[in-house]
Amino acid sequence: MDCPQRHIDIADYRYPLPEERIALYPLAERDSSKLLVYKAGEVRESHFARLGDFLPSETLLVMNDTKVVHARLVFYKGEAAAFEAASGRPGARIEVFCLEPSRPADIAQAFAARGEVEFLCLIGNNKKWKTGDLCMAFMRQGRREVLRATRLGPQGDAFVVSFTYAPDLSFSEVLEASGKVPLPLISGVRPNRTMPAVIRRSSRGTTVRWPRRRRDFILRRLCWRI
C-alpha cells in the first residue's frame, strides 16, 4: 500500500521541546516512570506502577520482547583496513546503517539468509566510498570472519547494499558479532544501551543521534513501511 508523503505535513507535528524536559536516562525503577492517561476527554499523569488501575477487567496485555538490532556497521576504507583497524591504523571510517531488507524482502528471511543478503542502508561518510567494496574483520566464537559490503545503487536518500559473508553464518549472527547498537550521540552525555536513537539527515551527511523532533523521522519511515 502506497503512502504518498504529500499527505503528511511535518509542520503539523512540530512542538516546543525544551532540553530540560528530555529524560536522558531511564529511572532505576522503571515502573516509577510517568504514565500519561487519557480518559473521557481528560488527560492526567500517573505512574506505570498504577497501570492496572486504569485497565478494564479481562484486558489482554501483549509483551514486546524484541531487542535492538546491531544494525550499525563500521567499515574502514580499503580492503586491508579491515585488518589494520584492530591495530590502530584504519583508513577512512564509513558507517553503514541497515534500515530494511531488499533481497529477500521478508525481514525474517533476510536475517536468516546465509552467505549473502541485500539491505536498504543509510551511509555515513558516503563521499569517502568512491569505488570498490568495504571489508570488515570480526571475531565470532574464536574464529576470524570477514564481512564484505558492495554498494549497488541509490534508492531515495539511501542505498541498496549487498553484504557477503561466510556461508555457514546467518545475517543475524553476523550483525550480532560485528554490528553496533544504534546509540544516540548527545553532547556532554555518556550514551548507554537503554536510550533510543533515530537517523538525522543533513547536508553534511547522515548520523544516528538523539532526536529533538523524532517524529519527523518516524513519520517518514512509517510512510515507507505501510
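The values are calculated or read from the model by the stated rules, or taken from the named source; none is laboratory data. What you see is a predicted model, and the numbers here were worked out from it, not measured in a lab. Here the Cβ is made from the backbone with ideal geometry for all residues, glycine too, and neighbour counts use every protein chain on show.
Quick notes on this one:
Residues are listed down the side, and each one gets a yes or a no for (1) modelled with pLDDT of 90 or more; (2) within 27 Å of Cys135 (Cβ to Cβ); (3) outside the structural domain of Ser172 (by TED's automatic domain parsing):
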| site | (1), (2), (3) |
| --- | --- |
| Gln5 | no, no, yes |
| Tyr13 | no, no, yes |
| Arg21 | no, no, yes |
| Leu27 | no, no, yes |
| Leu35 | yes, no, yes |
| Phe54 | yes, no, yes |
| Val62 | no, no, yes |
| Ala81 | no, yes, no |
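- Pick from the stretch 125-144, criterion of a type outside the set (Phe, Trp, Tyr) and either surrounded by 19 or more Cβ atoms within 10 Å (Cβ to Cβ) or outside the structural domain of Tyr165 (by TED's automatic domain parsing) (or both), ranking: farthest from Val160 (Cα to Cα): Met136
- Taken over the stretch 52-77, the criterion of being in contact with a helix residue (DSSP H, G or I) (Cβ under 8 Å, 6 or more places away or on another chain) and either among the acidic types (Asp, Glu) or free of Cβ contacts under 8 Å to residues at least 24 places away in the same chain (or both) is satisfied by no residue.
- Unmet requirement for Gln155, which otherwise passes all of (1) out of contact with any Lys or Arg (no Cβ under 6 Å at 6 or more places or on another chain); (2) surrounded by 14 or more Cβ atoms within 10 Å (Cβ to Cβ): (2)
- Selection from the stretch 70-79 of residues that are in contact with an Asp or Glu (Cβ under 9 Å, 6 or more places away or on another chain) and modelled with pLDDT of 80 or more: His70, Arg72, Leu73, Val74, Phe75, Tyr76
- Among residues that are charged (D, E, K, R), under 17 Å from Glu95 (Cβ atoms) and in contact with a strand residue (DSSP E or B) (Cβ under 8 Å, 6 or more places away or on another chain), Asp157 is included.
- Apart from one condition, Leu99 fits all of (1) modelled with pLDDT of 90 or more; (2) in a helix (DSSP H, G or I); the exception is (2).
- Selection status of Val117, crowded, with 17+ Cβ neighbours inside 10 Å and modelled with pLDDT of 95 or more: yes
- Scope the stretch 54-75; condition more than 28 Å from the chain's Cα centre (by Cα) and surrounded by 10 or more Cβ atoms within 10 Å (Cβ to Cβ); matching residues: Phe54, Leu55
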